[in-house]
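Below is one structure, written out as structure tokens, with a few remarks after it.
Throughout, read-outs are computed from the coordinates displayed, never taken from laboratory work. This one's a predicted model, so the numbers in the text were calculated from it and none came from an experiment. Methodologically, a virtual Cβ is constructed for each residue, glycine included, from the backbone with ideal geometry; neighbour enumeration extends over all protein chains shown.
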Amino acid sequence: MTPLKPSCRPLLGRFLFALICLFSTQASWAQFAPSLNLSGQTGLINMPSAEQQGDGFLSFDLSRFGAIARNTLRFQISPHLSGVIRYVDLHDYDQYVRQPDCSNADTYYDRNFDIIYQILKEGRFWPAITVGVQDFIGTGLFSAEYIVGTKALGTRLKMTGGVGPWGRQHNDDNHRHGRIMHS
């Protein structure tokens, strides 16, 4: 067997590295683990899901979307109960939230606490059902209550739907009824 030319060795190394990355990615797809949304809750983008993280799960997240920067500590208290502590910087506060007492504020800092309880674990024929209360300790600027259900359809697809929020995260048109959420 003839040895490889020196110019081929870096290509072989890159090929092996790419192969290892490919197989490690395939292994992570098989886990189908719940993700965290921008608020630090289990869910997608800015919508919660009914899934729970593993017992003892702890995460610290930093996120920024538009004028809102969030620092979030999420913890799984028990298999069905989780909590989120969040510190929010809302830049250009007077532009987004028109309140007479803070009309000269440039940046508003808010602390809040969420509690999420999974009422029903997902079964073969029924979805997981979760009830959540956002920002119930704090100023209430981001307060909301919701009910959400999530069901896995096969091994690679999940469907989530829910009702809420009923808190201050609503607009004047739907203050009597919650909004329908789905993904």
What's the long-distance tail for the stretch 116-162, i.e. % of Cα pairs beyond 12 Å? 65
Net charge contributed by nearby residues that have their C-beta within less than 9 Å of THR72 (K/R +1, D/E -1): +2
Would you calculate the volume per residue, in Å³, of the smallest convex hull containing every Cα atom of the stretch 32-73? 66
